[in-house]
Amino acid sequence: MVTDSSPPVADSDPAAVQFQPIRVRRGFEEIYDRIRAEIAAGRLRPGDRLPAEREMATQFGVSRQAVREALRGLQVSGLIQSRVGVGGGSFILKGDPALVIRGLEDLAVLGTLSYDSLLEARILITSDAVRLVCERATSEDFDRLDANTDELEILTQRGLLGERAHRRVDFYQILSEITHNEVFALLLDSLTSIVRMRIDTSNVPPMEGVIPLRREFVEALRQRRAEDAIRLLVGHFNRLEAHLRKAEQSAASD
């Protein structure tokens with residue numbers, strides 16, 4: 001006689017199982033995702049015009065209102081543009097990097113992204129960008145950085161400190177471009193835009209020693225001394241962050 005030596009199974013408790021309500025997707029969400037998938041697959045390309053609202057409503061089997069809501073969502077996302085008049089309609093757009101930049105700025109304003117995390121990310125990403133610059137940049141690329149530093153020096157000498165404060169971060173936009181990598185350029189520009197926003201809103205006074213530091217930094221780049229350039233930049237970023245926080249705290253107390 002064979003006996004079952006396995007342990008007894010405890011009675012299940014149906015009350016312990018909690019099912020979540022089934023959520024039926026709204027029509028406009030499905031339309032949004034399908035159009036987005038067609039763009040991702042390359043079957044819809046920049047410049048292509050989508051069918052008219054009535055036709056899409058028929059194709060999707062939904063109301064025209066659902067189509068309009070989906071189109072509004074696609075427009076807010078920067079995927080399409082709606083044009084009126086003769087020859088109008090909804091057209092697929094080329095990707096707009098400014099949307100990423102604005103999104104990060106909004107998160108920073110809302111406090112979702114801490115300044116500590118933003119500083120750490122800026123240091124890490126810019127350090128790798130500097131290594132790329134040392135590998136890829138041309139003499140003409142370095143000349144652009146020098147010209148920007150010359151411009152900053154002229155603004156300082158003329159006492160145009162407001163314009164100087166706003167323009168001094170242009171240096172990093174050039175740095176991002178001469179990585180010759182559009183993804184690095186987008187990431188750097190996004191982080192730099194937050195610094196620019198903080199400078200503009202806090203009325204931060206000019207820092208001392210920025211111009212000679214930049215000249216030393218560009219010289220290190222020209223000589224392909226990436227680690228020396230990174231050391232200079234990291235030190236500057238840390239000093240700038242302390243400078244910004246001091247100005248922001250002062251403005252808050254006022």
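Tabulated results
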{"item": "Of all residues in segment 61-111 being within 22 Å of A37 (Cα to Cα) and among the acidic types (D, E), the one that is farthest from the chain's Cα centre (by Cα)", "result": "E69"}
{"item": "Those helices (runs of 4 or more DSSP H) lying entirely in segment 124-225 with at least 2 residues within 19 Å of A108 (Cβ to Cβ) and touching a helix residue (DSSP H, G or I) at 6+ places or on another chain (Cβ under 6 Å)", "result": "170-177, 182-202"}
{"item": "Selection from segment 158-194 of residues that are surrounded by fewer than 17 Cβ atoms within 10 Å (Cβ to Cβ) and over 24 Å from R102 (Cβ atoms)", "result": "R158, G159, L160, L161, H180"}
{"item": "Close pairs (9 angstrom Cβ cut-off, 6 or more residues apart or separate chains): free of Cβ contacts under 8 Å to residues at least 40 places away in the same chain in segment 235-254, of a type in the set (K, R) anywhere", "result": "H236/R214"}
{"item": "Counted residues, segment 47-79 - those being closer than 22 Å to R102 by Cα and touching a helix residue (DSSP H, G or I) at 6+ places or on another chain (Cβ under 9 Å)", "result": "8"}
{"item": "L155 buried (at least 16 other Cβ atoms within 10 Å of the Cβ), without any contact (Cβ under 8 Å) to a residue 40 or more places away in the chain and not small (G, A, S)", "result": "yes"}
{"item": "Within segment 104-118, considering residues that are of a type outside the set (A, V, I, L, M, F, W, C) and in contact (Cβ under 8 Å) with a residue 12 or more places away in the chain, the one farthest from G78 (Cα to Cα)", "result": "Y115"}
{"item": "Residues satisfying the stated conditions in segment 92-117, i.e. at pLDDT 80 or above and among the β-branched types (V, I, T)", "result": "I92, T112"}
{"item": "Qualifying positions in segment 74-97 - assigned to a helix (DSSP H, G or I) and surrounded by fewer than 14 Cβ atoms within 10 Å (Cβ to Cβ)", "result": "V76"}
{"item": "Filter result (over 20 Å from E182 (Cα atoms) and charged (D, E, K, R)) within segment 144-168", "result": "D146, D150, E151, E153, R158, E163, R164, R167, R168"}
{"item": "Of all residues making up segment 105-158, the number that are touching a His at 6+ places or on another chain (Cβ under 8 Å) and closer than 21 Å to F237 by Cβ", "result": "2"}
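The values are calculated or read from the model by the stated rules, or taken from the named source; none is laboratory data. Note that the structure is predicted; figures quoted are calculated from it, not measured. Ideal geometry is used to build each Cβ from the backbone, glycine not excepted, and the neighbour counts take in all protein chains shown.
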